[in-house]
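Values quoted throughout were computed directly from the atomic coordinates according to the rules given, and no laboratory measurement underlies them. No experiment lies behind these values; they were computed from the predicted model shown. Cβ sites come from the backbone with ideal geometry, for glycine too, and all protein chains shown count toward neighbours.
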Ligand SMILES: NC(=O)c1ccc[n+]([C@@H]2O[C@H](COP(=O)([O-])OP(=O)(O)OC[C@H]3O[C@@H](n4cnc5c(N)ncnc54)[C@H](O)[C@@H]3O)[C@@H](O)[C@H]2O)c1
């Protein structure tokens, strides 16, 4: 949207104190009052978002961008988009674009968001907001300093059902005092393969742009796209791919966003059985000390030995959470929740939408009103929820050889932690093996204060709060 003189001055003054030039100010505005959207990323999600945004009358899809020219061409044709870019930096500074949506690989999220806001564009950026905590904090600052609208793609926040659940839990006290919470992500993902020689980038993909800030290291998986989720160089593992949605629901409905980051975390896991080229755990568990309701996470992407669809035993929804209260439990998942009393009888049901269309609409409403307070998932909310994923990733990466006796250190009044661990053992037992035999790692109980780790292992853990950026893609610190 057009930048007013007052806002231009505010942005320029703020930028004056920073080690990079004042932001580029878009000269054009759409005389029809439409938000002209530029889409970064023409993969699975980019196409889904284009469908959502195209359905909003006040949106014009002005441009698309992908370093993969075949995906770019296909998407531009499908949505009849007039302008195409293979480098996001060119789209970001181009005229005729008011807002940018970034459905790119995780390692590009924050850089794209900050560059876009610096250029006077509003931003819709996919979850998990940040590949590392430092760059997520830069996005939060950029939204403030450049006075831009920044929505994070945690669309379940826009599902009207969440407000009903919050009322039920906190005003009606529908299950009494909350005791603890279990977060589940159990779904099989296949092996990504392991090549003998490095993967050649397909000729239609601009390698330099695709890598962006990530390290230029050989890739041994079979597929370039999508499976970048499972390499630390480009992804945040399953906890950032799907876990984020559930952790964000829990932060929202159970903790009412009062806990930005947990006080302590313990996590364990490993990538096992597949013997593929990916790095992130395919089995993982974590315990969070929130200062109030303890939260336990269980995750499996690994199939049981004889069933390629079965990720092992677990209690509750495959992708969702269980909130245990004194008077019963609420089992929530995308677009629905069921409440049971202590005898196991269903006493209430919530039906939701999943929030896709509402979340895109909410972003556009905030852009049109130029009012960040309207957003359901602003940069700070996105960064806080992402932190719960990144801390678990860091804990598993800095873990030690698993010693089961240490698991008891965190206490388990409701038996949920034990249940998660028992499920993991049962899954591995189908392969006649165990966590110890497979070299699982377990972190110490890591303490977190002001976004940094304290105590044992803090030095190694803090080193993972930020990455090294390739020269041409160095991050403009704000
Ligand atoms: N909110 C949701 O429910 C939801 C669902 C799916 C995916 N996502 C998120 O969306 C993002 C994309 O996921 P996907 O499944 O589409 O992955 P994908 O691998 O299918 O697509 C990513 C695309 O981004 C392109 N790309 C890479 N760097 C780029 C850049 N700098 N500029 C423009 N394009 C670039 C790639 O070439 C690729 O085509 C991920 O961060 C994922 O976590 C969110």
With the label point 7 Å along the Cα-to-beta-carbon line of residue 305 and a cut-off under 12 Å to each amide N, the hits in region 410-438 are 427-434
Packing-ranked peptide list from 305-314, 154-163, highest mean Cβ count within 10 angstrom first, is 154-163, 305-314
What order do you get for 383-391, 444-452 when each peptide is scored by the mean count of other beta carbon atoms within 10 Å, highest first? 383-391, 444-452
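Mean separation of Cα pairs under 8 Å and 6+ residues apart, divided by the residue count of region 262-405: what relative contact order is that in percent? Could the numbers behind the result be given before it?
Numbers: 180 pairs, mean separation 23.9, N = 144.
Relative contact order here is 17 percent.
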Output ordering of 361-367, 221-227 (per-residue mean of other Cβ within 10 Å, highest first) is 361-367, 221-227
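Arranged by the count of other C-beta atoms within 10 angstrom, fewest first, what order do 242, 417 take?
Details: 242 21, 417 24.
Sorted ascending by nearby Cβ count, the order is 242, 417.
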Going 7 Å from the Cα of residue 400 toward and past its Cβ, which residues in region 296-332 have a backbone nitrogen under 18 Å from where you end up? none
In whole angstrom, note down how far apart the Cα centers of region 152-178 and region 310-335 are. 15
For region 381-478, evaluate the Debye formula with one uniform point scatterer on each Cα (no solvent term) and list log10 I(q)/I(0) at q = 0.19, 0.20 Å⁻¹, rounded to two decimals. -1.08, -1.14
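What is the Å³ per residue value for the convex hull set by the Cα atoms of region 52-138? Could you put the intermediate results ahead of the total?
Details: hull volume 8.2 nm³, N = 87.
Convex hull of Cα atoms, per residue: 94 Å³.
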Value of relative contact order over the chain, rounded to a whole percent, pairs C-alpha under 8 Å and six or more apart: 18
Calculated SAXS-style log₁₀ I(q)/I(0) at q = 0.14, 0.15, 0.20 Å⁻¹ - region 176-321, Debye, Cα scatterers: -0.76, -0.84, -1.18
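Using the Cα atoms as the points, what is the convex hull volume per residue of region 126-205 in Å³? Before the final figure, lay out each step's value.
Numbers: hull volume 20.0 nm³, N = 80.
Given the Cα convex hull of region 126-205, per-residue volume reads 250 Å³.
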By Cβ neighbour count within 10 Å, fewest first, 324, 340 rank 340, 324
0 to 90° range, to nearest 10: angle between helix 133-145 axis and the chain longest Cα axis: 40
What is the distance in Å between the Cα centres of region 91-118 and region 384-436? 37
Could you calculate the FRET efficiency of residue 32 with residue 73 from 1/(1 + (r/R0)^6), where r is the beta carbon distance between them and R0 is 25 Å, rounded to 0.05? 0.40
Can you tell me the 0 to 90 degree angle between the C-alpha axis of helix 69-78 and the longest principal axis of the chain, rounded to 10? 80
Projected label distance in nm at residue 432 and residue 462, using a 7 Å step from Cα toward the beta-carbon: 4.8
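Over region 354-478, what is the mean sequence separation of C-alpha contacts under 8 Å (at least six apart), divided by residue count, expressed as relative contact order in percent? Don't jump to the answer; show the numbers that get you there.
Working: 70 pairs, mean separation 27.8, N = 125.
Once normalised by length, the contact order is 22 percent.
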Estimated FRET transfer efficiency when R0 is 45 angstrom, pair residue 164-residue 422 (beta carbons, to 0.05): 0.85
Report, as a whole number in µm² per second, the diffusion coefficient that Stokes-Einstein gives for region 206-290 at 4 °C and 1.567 mPa s using the Kirkwood radius over alpha carbon pairs. 87
Show log10 I(q)/I(0) for region 320-418 at q = 0.22, 0.24 Å⁻¹, two decimals, from a solvent-free Debye sum over equal Cα scatterers. -1.14, -1.19
Helix-only [θ]222 nm of the chain, DSSP H runs n ≥ 4, -39500 (n - 2.57) each, per residue, nearest 500: -8500 deg cm²/dmol
A correct fewest-to-most ranking of 114, 152, 339 by other Cβ atoms within 10 Å would be 339, 114, 152
Subtracting the Cα-Cα distance of residue 216 and residue 373 from 0.36 nm times their residue separation yields 52.6 nm
Output the 0 to 90 degree angle, nearest 10, between the alpha-carbon long axis of helix 5-16 and the longest principal axis computed from the alpha carbons of the chain. 70
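From the P(r) of the chain, could you give the percentage of C-alpha pairs in the tail past 36 Å? Provide the component values of the computation, followed by the final result.
Details: 33170 of 114003 pairs.
When all Cα pairs of the chain are counted, 29 percent exceed 36 Å.
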